[in-house]
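Report on one structure; see the data block that follows.
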Amino acid sequence: MSKSEKRSDTVLAETGRRPEWTLGVVNPPVYHASTVLFHNHAALRRAIANSEDTFFYARKGTPTIWSFAEAVAELEGAAGGKVFPSGIAAVTTALLSSVKAGDHLLLADSVYEPVRFIAKSFLRRLGVEADFFDPLIGAGIADLMRENTTTILLESPGSLTFEFQDLPAIAKVAKEHDATVIVDNTWATPLFHRPLEHGADVVVHAATKYLAGHSDVMLGVVVANDAKLKALQRATAFMGQVTGPDDAYLGLRGLRTLAVRLRQHEKNGLVVAKWLADHEMVHQVLHPAFEDCPGHDIWKRDFTGANGLFSIVLKAGDYENVAHFVDGLEHFGIGFSWGGFESLILPQDPTAVRSAHKWEAPGPLVRLHIGLEDPADLIEDLDAGLKRFADALG
Ligand SMILES: *Cc1c(COP(=O)(O)O)cnc(C)c1O
């Protein structure tokens, strides 16, 4: 595909803008639609014969949706993709397109918390067994493969504890067992990591985060290689997964500036992370640019950048008195999600959501999203917060 040989910044500006979708303006219009009217009987018959690739019925997509799907698929080097009303809808549908009753599913122990529960409750109820593995297992995953292991889900890095996973080594084992590798690539975005090039079959995004980038929309995308695309399309159709056209439009609009935003998040994030690493109250900075970040070498080998999301482990204290640090911050919102333009902070204890091995740390884990504010203001704010925390500990 010669298109994918363009540099990614150029792809971001040009992708998904087919003239038959844009009708002469720069961006594809927002199609509010249900029924699609066919010219005549022959056109109806043609559409029925090829409902994925023609304008058929809005549940199957509209040009606004296709444009966003095509953009992410091109950026990931995939054969095609589907758009979802949330990241979780995307992960669930990707899993349901791959597993069936009697199958065994392997998931990285650091996967996004709700995905853990989807595997343990919802999928278990459907007869799928799930096991969680040490995200740093690499080729050692061979020991966990069973006859009925059909699917492996990675989220590299885990978006709380930042373990980078050896996708090529895991994908090699998966291939030997004919198992599908699904990667949640929300953290890196296709600008910093392209999992299909490293052996994955399917890539999932919570486009809610950096792809949309403005904290104003819930959105997901799944893209797949040729072999897995049909199953993805079928699962999506069976589940009735439709995304509102305004939401898809916001995703596409955010995507156009992904590269400039991400570079700035990376730069600001590094300034703040380096300052935190030298702070006396900070035990560890879980940022891939630091050598003690789990899987740092894999990040250096397989990724081309970092963004504004990382965690710190504090030297002392607990999840009660961390309030002295977090409350009273001026520039950090307390809240879930990340990838918007604004800074966020979230203390979160990984203990309850680990089973492959125990989470151990001298103090609470606090996740930071460094936004597009001036990092000097953010540092002053964190400095005052850590002083309050240190004073409270005595
Ligand atoms: C946020 C997130 C999701 C879920 O996305 P939503 O749009 O919030 O449903 C899935 N995976 C990762 C890694 C995430 O960070």
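Numerical summary
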read-out	value
Test: residue in the stretch 342-354 that is without any contact (Cβ under 8 Å) to a residue 60 or more places away in the chain, within 20 Å of the chain's Cα centre (by Cα), within 16 Å of the ligand (Cβ to nearest atom) and farther than 22 Å from Arg263 by Cα	yes
Flag for Ala73 being in a helix (DSSP H, G or I), out of contact with any Phe, Trp or Tyr (no Cβ under 6 Å at 6 or more places or on another chain) and of a type in the set (Gly, Ala, Ser)	yes
Residue within the stretch 127-136 that is modelled with pLDDT of 95 or more and under 12 Å from the mean Cα position of the chain (by Cα) present	no
When residues of the stretch 154-180 are limited to those that are free of Cβ contacts under 8 Å to residues at least 60 places away in the same chain and either closer than 17 Å to Asp297 by Cα or within 16 Å of the ligand (Cβ to nearest atom) (or both), the one surrounded by the fewest Cβ atoms within 10 Å (Cβ to Cβ)	Ala169
Residues (surrounded by fewer than 19 Cβ atoms within 10 Å (Cβ to Cβ), part of a loop (DSSP other than H, G, I, E, B) and either of a type in the set (Val, Ile, Thr) or within 12 Å of the ligand (Cβ to nearest atom) (or both)) located in the stretch 332-341	Gly335, Phe336, Ser337
In the stretch 314-328, residue nearest to Gly385 (Cα to Cα) [restricted to those that are under 27 Å from the mean Cα position of the chain (by Cα) and surrounded by 17 or more Cβ atoms within 10 Å (Cβ to Cβ)]	Val326
Scan of the stretch 21-44 for residues that are surrounded by fewer than 11 Cβ atoms within 10 Å (Cβ to Cβ) and either more than 30 Å from the chain's Cα centre (by Cα) or of a type in the set (Ser, Thr, Tyr) (or both), ordered by number	Leu23, Gly24, Val25, Ser34, Thr35, Leu37, His39, Asn40, His41, Ala42
Out of Gly295, Gly254, sole residue that is in contact with a Leu (Cβ under 7 Å, 6 or more places away or on another chain) and without any contact (Cβ under 8 Å) to a residue 60 or more places away in the chain	Gly254
Qualifying residue in the stretch 215-231 (condition: hydroxyl-bearing (Ser, Thr, Tyr) and within 16 Å of the ligand (Cβ to nearest atom))	yes
Filter result (under 27 Å from the mean Cα position of the chain (by Cα) and farther than 17 Å from Leu255 by Cα) within the stretch 1-20	Met1, Ser2, Lys3, Glu5
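Per-residue answers, yes or no, for (1) surrounded by fewer than 24 Cβ atoms within 10 Å (Cβ to Cβ); (2) within 16 Å of the ligand (Cβ to nearest atom):
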| position | (1), (2) |
| --- | --- |
| Val83 | no, yes |
| Ile88 | yes, yes |
| Ala94 | no, yes |
| Asp109 | yes, yes |
| Phe117 | yes, yes |
| Pro135 | no, yes |
| Glu147 | yes, no |
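The values are calculated or read from the model by the stated rules, or taken from the named source; none is laboratory data. Because the structure is predicted, anything quoted here is derived from the model rather than measured. Because the Cβ atoms are built from the backbone with ideal geometry, glycine has one as well, and the counts that use them run over all protein chains shown.
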